Every structure is written in C-alpha cells, then in structure tokens.
Amino acid sequence: MMRDRTWIVVALLLAMPSVASHAAAAGRAFMAAPQSASGPQSQASSDEDRDEEASDMEQDRQDQEQEKRDREQEKRDREQEARDREQEKRDREQERLDRLTELYDDGREALDEDRYDQAESRFDQLAQMNGPQTDAALYWKAYAENRQGKRDTALANIAELKRRFPQSRWLRDANALDLEVRQSSGQPVHPEGQKDDELRLLAIRGLMNSDPERAMPLLGKVLENGAASPKEKSQALFVLAQSGSPQAREILGKVARGQSNPDLQRKAIQYLAMFGGAESRKTLADVYASTSDASIKRSILRAYMIGGDREHLFEAAKNEKDDEVKREAIRQLGLVHAQNELQQLYRTDNSPAVRRELLQAFFLAGDAPKLLEAAQSEKDPGLRRVAVRNLGLIHGDDSAKALQSIYAKETDRGIKEEVLNAYFIQGNAAAIVAIARGEKDPELKRTAVSKLSIMHSKEATDYLMEILQKN
C-alpha cells in the first residue's frame, strides 16, 4: 500500500515539470535572498567600525599628547617650585643679613648721638645673633658700657671678644679700650663729663689749616685711640680726606688698606670715592684685589658706583668668584645705567642666579627693551617670569604694549599669570579687562577677575557689573 502511494507522488511530479522548476527557483531565491540583502548592510557596518576605530585612535593620540604635555608642565612646575624654594631660602638669609645690618647701623647712630644705653641694647642683640659682625658688636657694646660707667661688663665683653675672635681686626681697638677702662677704674664716669670730642676736632681742623705738619700726628692718634668715639674717628678721617696733601692721602690709604678696624676701613674707602682722582681709584683697585673680606669688597663696589667707575665695576662683575659680591657688582652697574656692560654680561654668563641679578639690573638701568627680549626669548621660565615682573615695574605705554605682546604669544600659564601680576602692579585695569574678555582658560579668567575685584578703577567696576548682569 505504501509503495503504491510513493509511485503516485512520483508520477504527479513528473507530470508537472513547471511546478518543480518554480519550486527549485524559489528555493534558490530563498537561499540567495539573505546573501544579497546582507551585502550593503555589512559594508556600511564595516565602514562605521573603521571610522569609530580611527576616531578612537585619534582620541588616544590626543590623550597621550595631552598627558605628555601635562607631565612636561608638571616637571616645569616642580623645577620652578625648587627654584622658588631656593630663592626663598636666599631671601630669608638676605632678610637676616639686612636685620644684622640694621641693628649695627642703629647702634652706631645711637653712639653718634651719645645714646649709650640704646647703643648697648642694639649691639647686645647683634652679638646674640652670632652673625658676621659679632666681634664688632662685642667691641661697641663694651665701648657703650664703658661710657655708662659699666666697667666690669665692658671688660667682660672685651675678654669674650679676645677669646672668641683671636684673629679679629677689632683686637687693636679692643686692647686700647681695655687699657682705657682699667686706667679709669675706681673713678666715677658720667657721659656728660666726657671730653668734648667735637671741640677737640675743631681745634685739630684749625691746626690743619695753619700747620698741617703738627696736625697730622694728632689725627693719627685719634684714629689709633680705642676709646675715641666713632664720630670722632670718622671726622678725623674726613679732615684727612679733605686735606689732599700727600701725607694725608698716605694715612687715608693705609686705613683703606686695612690698617685699622673694618668700620674705619669702610669709611676711608667711602671718602676716597667721594674725593676721587686717579690715585684714589688706584688705591681702591689695589685694596679690592688684595682683600678676601666680602664686606670690604662690597664697600669698594659702592665706592665705584659713587665715582661712576663703570670700568672697575664691569671688571668685578666679570671676574669675581664670590657669587654675592658678583651680584653686588651687577647691581651697582645697574645703578650707574651701564646698559652696554650689562648686556655683554647677559650674553656671556649662563648662570641662572647671575642672569636673575642682571634682569634686576636692567630694571634699575631702565632698559625695557632688554627685559622684553629676555621675556620673549629666555629658555628658563623662571627668568622669563622675572623679566615680565620687572617690565611691570617700568610704567609706561611701551611696557604695557610689550606685556600685551607677551601674553598673546605665550603658552606657559605661569608666564601669563605673571603678565597679569605686572598689569596689576601698573594699575592697568583696562589691559586686564581685555584679557578677561578674550581668555578661554577658566582659571586664567578667574585670576584676571580676582585682580579686578580689588582694583579701584572704573574699567574694573564696569566689567564686574557686566559679569553680574550676565549671570
């Protein structure tokens, strides 16, 4: 029965060839349809994948570049922080030295005005700070105590000076003072009862006019007297400096070369500079070349400045080995407006510390073009910031335009902030407003606005109101 049915189906199929043909075609179409439909879709999907992959790769590249820039900026920031810390350390030390100098000057002024109790106090503070002038402080403290009749403490301070500073240049004066104190022991001493130093000097000065030969030894004794007041010794030197005689210049030269205490030596150097002349300049140059005392060298450099001696200042700035003294020479070059010499030094000396001092000297000399050049081309960001800062201290249209040019071209945020600081120092609110309007960096914009918020200016107030109205 089953066999019969099979043959019936076969027969029907053979009798209907068109049906079979259509069925086969339909089968082939059915099999082909999915393939023909998926072709365009697959191609489109593949293109999208490639575009997305390319976009991801580009984003990765940009992210890597940004990370690289961020690392470089972080490195620069760390280096700048290290430089700032080092500068802060130098600034703190300079503040300490300035305080020591202030105490010393105050004490000397009190001595000149016979305020011995105040002088004693100042020199006592100075001695306790253990600075480079401790031996001088001990001597002057003992001197002030002796003038007040405090002989025991005066002798104790002289003994401490001898014990702690056996090579001090104050020992000669200290020994003379020691002798003076011991000789007067047991006798009441009152400041108002002391010898009239000024009257004696007036007499010596009159003698200098009438009989210099007799006056010279008297002046020499004043300078050698450890108990003589600083004012008396200074005036004796002044009388010698005014004289202009060969003998007077010889004595002054000896004192300037160090045949006395450092105070008198610096005073002699000052008088040589004031009264000038080729012989005085030669004496100063000889002393500079022979001394290792940095304070004496600085005094000579200031003397060169007083005399407008660019040549010797330039020589010291080029060849001095002591960094502090070298910087002093550079500062003095700035004060005499030696722009050519300063520019030569900037071209040849690559030390960041020296270049920083040179940038300060360019400001002292009013050399705005050189500051602009350094702000634009200097490789060290810290030095560029110093140049920008000093440009801000030079008020004027040229400086303002230079700062505007720097800000427009600059990519370093720290330099841009320094430009804003410079404008703030100048009180140039209009320039800061212009920057705030165009700045895309939110932090820099906030920095600009924060400065405007404390500037009493119509431009600043109008812009702040504009911000408030928009928000």
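Looking only at the range 108-138, count how many residues are outside any helix (DSSP H, G or I) and more than 19 Å from LEU264 (Cβ to Cβ).
Count: 6.
So which residues in the range 131-156 are closer than 14 Å to SER168 by Cβ and either out of contact with any helix residue (DSSP H, G or I) (no Cβ under 8 Å at 6 or more places or on another chain) or hydrophobic (A, V, I, L, M, F, W, C) (or both), if there are any at all?
ALA136, ALA137, LEU138, TRP140, ALA142
For VAL10, are the conditions met, namely being over 30 Å from ASP380 (Cβ atoms), in contact with a helix residue (DSSP H, G or I) (Cβ under 8 Å, 6 or more places away or on another chain), modelled with pLDDT under 50 and not assigned by TED's automatic domain parsing to the domain that holds THR411?
no
Identify, please: which residue in the range 254-263 is surrounded by 20 or more Cβ atoms within 10 Å (Cβ to Cβ) and either of a type outside the set (Ser, Thr, Tyr) or in a helix (DSSP H, G or I) (or both) and is, among those, nearest to the chain's Cα centre (by Cα)?
ASP263
Looking only at residues that are modelled with pLDDT of 85 or more and of a type in the set (A, V, I, L, M) in the range 58-111, which one is nearest to ARG122 (Cα to Cα)?
Checking each candidate, the answer is LEU103.
Considering the range 254-292 alone, what residues qualify as being among the charged types (D, E, K, R) and either in the same structural domain as THR134 (by TED's automatic domain parsing) or closer than 24 Å to ALA338 by Cβ (or both)? Break it down into steps so the answer makes sense when it comes.
Of the range 254-292, the ones among the charged types (D, E, K, R) are 254, 257, 263, 266-267, 279, 281-282, 286.
Those that are among the charged types (D, E, K, R) and either in the same structural domain as THR134 (by TED's automatic domain parsing) or closer than 24 Å to ALA338 by Cβ (or both): ARG266, GLU279, ARG281, LYS282, ASP286.
Restricting attention to the range 156-183, which residues are modelled with pLDDT under 90, of a type in the set (D, E, K, R) and surrounded by fewer than 14 Cβ atoms within 10 Å (Cβ to Cβ)?
Across the range 156-183, the qualifying residue is only ARG182.
State the number of residues belonging to the range 264-320 that are of a type in the set (Lys, Arg) and under 27 Å from the mean Cα position of the chain (by Cα). Break it down into steps so the answer makes sense when it comes.
Within the range 264-320, the first condition is being of a type in the set (Lys, Arg), and the residues that meet it are 266-267, 281-282, 297-298, 302, 310, 318.
After this cut, where a residue has to be under 27 Å from the mean Cα position of the chain (by Cα) as well, the list is 266, 297-298, 302, 310, 318.
Qualifying residue count, the range 264-320: 6.
Conditions (1) within 26 Å of PRO352 (Cβ to Cβ); (2) surrounded by fewer than 21 Cβ atoms within 10 Å (Cβ to Cβ), marked per residue:
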residue: ALA368; (1), (2): yes, yes
residue: ASN390; (1), (2): yes, no
residue: GLU418; (1), (2): yes, no
residue: ILE432; (1), (2): no, no
residue: LYS445; (1), (2): no, yes
residue: LEU468; (1), (2): no, yes
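Has the range 267-279 got any residue that is surrounded by fewer than 20 Cβ atoms within 10 Å (Cβ to Cβ) and basic (Lys, Arg)?
no
Of all residues in the range 301-347, which are among the small types (Gly, Ala, Ser), assigned to a helix (DSSP H, G or I) and farther than 23 Å from GLN265 by Cα?
Scanning the range 301-347 gives a single hit, GLY334.
Name the single residue, out of those in the range 397-412 being over 23 Å from the mean Cα position of the chain (by Cα) and either aromatic (Phe, Trp, Tyr) or assigned to a helix (DSSP H, G or I) (or both), that is surrounded by the fewest Cβ atoms within 10 Å (Cβ to Cβ).
Here the residue is ASP397.
Whether any residue in the range 83-99 is in contact with a helix residue (DSSP H, G or I) (Cβ under 6 Å, 6 or more places away or on another chain) and assigned to a helix (DSSP H, G or I) is what I want to check.
yes
When you check LYS297 against the structure, is it touching a Ser or Thr at 6+ places or on another chain (Cβ under 8 Å), modelled with pLDDT of 85 or more and closer than 30 Å to ASP349 by Cα, yes or no? Before you say what the answer is, go through the steps one by one.
On the way: touching a Ser or Thr at 6+ places or on another chain (Cβ under 8 Å): yes; modelled with pLDDT of 85 or more: yes; closer than 30 Å to ASP349 by Cα: yes.
Spelling it out, LYS297 is indeed touching a Ser or Thr at 6+ places or on another chain (Cβ under 8 Å), modelled with pLDDT of 85 or more and closer than 30 Å to ASP349 by Cα.
Taking the range 353-384, which residues are at pLDDT below 90, within 16 Å of the chain's Cα centre (by Cα) and more than 14 Å from ALA402 (Cβ to Cβ)?
If the condition is that a residue be at pLDDT below 90, within 16 Å of the chain's Cα centre (by Cα) and more than 14 Å from ALA402 (Cβ to Cβ), then ALA353, ASP380, PRO381, GLY382 are the ones that fit.
The values are calculated or read from the model by the stated rules, or taken from the named source; none is laboratory data. Bear in mind that the values here come from a model prediction, so they are computed numbers and not experimental data. Backbone-built Cβ (ideal geometry, glycine too); neighbour counts: all protein chains shown.
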